[in-house]
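Taking it in order: structure first as structure tokens, then the write-up.
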Amino acid sequence: MEILGKQFIDGKRSEESGTRFCSLDAATGEPLEYEFFVATDAEISRAAATAGAAFTIYRKSGLEERAQFLEAIAEEIDSLDDRFVQIVMRETGLPEPRIRGERLRTSNQLRLFSAVVRRGDFLGARIDTALPDRQPLPRPDIRQYRIGTGPVAVFGAANFPLAFSVAGGDTASALAAGCPVVVKAHSAHPTTSELVACAVVRAVERSGVPKGVFAMLFGDNAGAALVRCPEIKAVGFTGSLAGGRALSEIAAARPEPIPVFAEMSSVNPVILLPGALRERGSVIASGLAASVTLGAGQFCTNPGLVIGIAGEPFDTFCQMLSLEIMSRPPLVMLSRPILLNYQEGIRRLSQLSGMELLGGAITEGDRAAACLFRAPPELLRCETRPLEDEVFGPVTVLVAVKDLQELREIIPDLGGHLAAGLFAAASELSDAGPIVELLETRVGRVILNEFPTGVEVCDAMTHGGPFPATSDSRCTSVGTLAIDRFLRPVCYQGYPDIMLPPALQDANPYGLLRLVNGKWSAGGIRLADDKHEIGRH
């Protein structure tokens, strides 16, 4: 398991820069034994150019070929050995069960997108056959399906070094769409990134797809330069609000602007109704403390804001939650910069007017102490939204509003978030309905009597939301609809069958469910009595 620290470009390794940086131990901040070359401008341009050349071939690959390629990546990731797990643990500070679980999630989502490719519905095939006798004008034969947009720049995420990084959801969905990928490796876990990239390259070699379909670059300088490359046609990003906005501005300023699908900032509010707290307040307190501190609070769905109704049930709950938070040990964070940012965020929260620290500690050590604050409801109404400025780590803020009416007035003024949780007793469901309707306008996922932490990778999942949770609320970065980000429709008019792509040919060789003349059909189209009819070949 040799670590070279060189760029991955067109199936080769490249090191044209004299500038290097070291991988670091997440717990101590000490340098590890691995060094990495910072990508040069020439290497960045070459990676994008080879991806552009590969796109002309890869986008035409058959569905089975593409599906097998994704499965090959999954197999190579599953084969990464115990040494790999130990390296990821040192670089990220994450425990072994988390790493092994995340590796399985990574390979499983690759297999899920393999199934999506085989299913073929992502192509969105639509056919309106010719109506030569239509009055007052005939209708030509018109057929539409979706193709990949082109090479995608993927930015590895710090908090999911496997599932949201080199071979994570953005890469899997882009490759499934027929788009080559150029990854900008996260500088907090470059060794992890290299080992996963090697697994992807082995899958490329096994599958016979163009070598330029995958590239990876090291160095923080690579990000902006990569987005400016003309061959790049879309960006997948998970990270800070500042980082996502910066990339969006760069992409918008290009001669040919491109979309940036950025997941950025969310505090994922949890709303607690009094009946639920009376029935199971201690259970909710224990569950919320576990959710807030899970993975040292480094989940994008971490519940950072809890809103309840003023009164005895909420006050009692605050006391129980405080005890739960104080019982949690300090935790290693993903990197020293993330730890320092967390500590600075805690100091910022503590200085807000009326803020009270109920549990935890503001520390300067090498571990993140979980913190619980209580804030006055006036802070929810501030134009600057100080309680919704995400502090990445194990912290949450409690707020009590006076009644349901004030709660319903506050929700529409919340910023956009990925998810929201609502806890209600059975007797409160009539009150919960209007709250859910309001939350639907502010979040991508509304959860009843469960916590937002944890995102299932499946067809129905939405992991997105209004700004600033994401840069495009119409999209999700988790679940099979993530493929939609990297597709665009193309329409063919008046073409003979032999010139059409397979998805639109009369015989329907892929066996797709297609919208034909306004009706869904999995069959082919045959010519009978000078009219197109739907039938099975």
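Quick one: Cα centre-to-centre distance for the range 282-344 and the range 147-175, in angstrom?
Result: 29 Å between the Cα centres.
Subtracting the Cα-Cα distance from 0.36 nm times the residue separation, let me have the gained length for A42 to T384 in nm, one decimal.
Full extension from A42 to T384 adds 118.9 nm.
Per 0.36 nm of contour for each residue apart, how much would the distance between Q351 and R100 grow if the chain were fully extended, relative to their Cα-Cα spacing?
86.4 nm
How high is the relative contact order of the chain, in percent, counting Cα pairs under 8 Å that sit 6 or more residues apart?
Contact order relative to length: 17 percent.
Over its Cα atoms, what ratio of radius of gyration to 2.2 N^0.38 Å does the range 229-344 give?
Normalised Rg, Cα atoms only: 1.45.
Limiting things to C-alpha atoms, what are the Rg and the maximum Cα-Cα separation (Dmax) for the chain, in angstroms?
Values for the chain (Cα only, Rg and Dmax): 25.3, 82 Å.
What spacing in nm lies between the two simple spin-label points modelled at Q135 and D121, each 7 Å away from Cα in the Cβ direction?
For Q135 paired with D121, the spin-label model returns 4.1 nm.
Quickly rank 294-306, 7-19 as a protection proxy: mean count of other C-beta atoms within 10 Å, highest first.
Working: 294-306: 23.9, 7-19: 17.5.
Taking the mean over residues of other Cβ atoms within 10 Å, the ranking is 294-306, 7-19.
Is any residue of the range 134-166 close enough, with backbone N under 16 Å, to a label point placed 7 angstrom from the Cα of C491 along the Cα-Cβ axis, and if so, which?
The answer is 138-147, whose backbone nitrogens lie closer than 16 Å to the label point.
Label-point separation (nm) for R474 and E64, each offset 7 Å from Cα along Cα-to-Cβ?
3.5
Give me the extension gain from D413 to R20: residue separation times 0.36 nm, minus the current Cα-Cα distance, reported in nm with one decimal. All intermediate terms of the calculation are to be shown ahead of the outcome.
Details: separation 393, 0.36 × 393 = 141.48 nm, distance 4.63 nm.
Contour length minus Cα-Cα distance gives 136.8 nm.
Using a Förster radius of 45 Å, what is the FRET efficiency between L340 and D431 based on their Cβ-Cβ separation? Nearest 0.05, please.
Values: r = 42 Å, r/R0 = 0.94.
Result of the calculation: an efficiency of 0.60.
As an exercise, use a Förster radius of 41 Å and the Cβ-Cβ distance of T56 and A507 to find the FRET efficiency, rounded to the nearest 0.05.
Step by step, r from the Cβ atoms, then E = 0.95.
Helix-only estimate, please: 222 nm mean residue ellipticity of the chain, summing -39500 (n - 2.57) across DSSP H runs of length 4 or more and dividing by its residues, to the nearest 500.
On the way: 13 runs with 183 residues, N = 537.
Mean residue ellipticity at 222 nm (helix-derived): -11000 deg cm²/dmol.
Excluding residues fewer than 8 places away in the same chain, name every one of the lysines whose C-alpha is closer than 24 Å to that of K12.
Within reach: K60, K184, K211, K233.
Modelled label-to-label distance, D220 and W520, 7 Å Cα→beta-carbon offset: nm?
According to this spin-label approximation, the distance is 4.9 nm.
Keeping all protein chains in place, calculate the accessible area per residue for the range 1-87 (probe 1.4 angstrom), answer in Å².
Values: 4000 Å² over 87 residues.
That works out to 46 Å² per residue.
Would you work out the relative contact order for the range 77-191, in percent, from Cα pairs under 8 angstrom that are 6 or more residues apart?
The value is 26 percent.
Quick check: at a probe of 1.4 Å, how many percent of the accessible area of the range 417-537 sits on carbon and sulfur atoms?
52
Nearest 0.05, what FRET efficiency do R367 and M499 give at R0 = 51 Å with Cβ-Cβ as r?
0.20
Quick one: accessible surface of D78, probe radius 1.4 Å, all protein chains present, in square angstrom to the nearest 10.
My reading of the accessible area for D78 is about 60 Å².
Once you order the gyration tensor axes a ≥ b ≥ c over the Cα atoms, which shape class does the range 402-464 get: rounded for a/c under 1.5, otherwise prolate or oblate by comparing a/b with b/c?
Taking the square roots of the gyration eigenvalues as a ≥ b ≥ c, the range 402-464 is oblate.
Kindly point out which whole DSSP H helices in the chain project their C-alpha atoms 20 angstrom or further along the helix axis while averaging a Kyte-Doolittle hydropathy of 0.0 or above.
41-58, 190-207, 274-293, 312-326
The values are calculated or read from the model by the stated rules, or taken from the named source; none is laboratory data. For clarity, every value in this text was computed on a predicted model and none was experimentally measured. Virtual Cβ from ideal backbone geometry, glycine too; neighbours counted across all protein chains shown. For the accessible areas, the whole protein counts, side chains as well, though only heavy atoms, and no ligand, DNA or RNA atoms are used. Shrake-Rupley method; radii C 1.70, N 1.55, O 1.52, S 1.80 Å.
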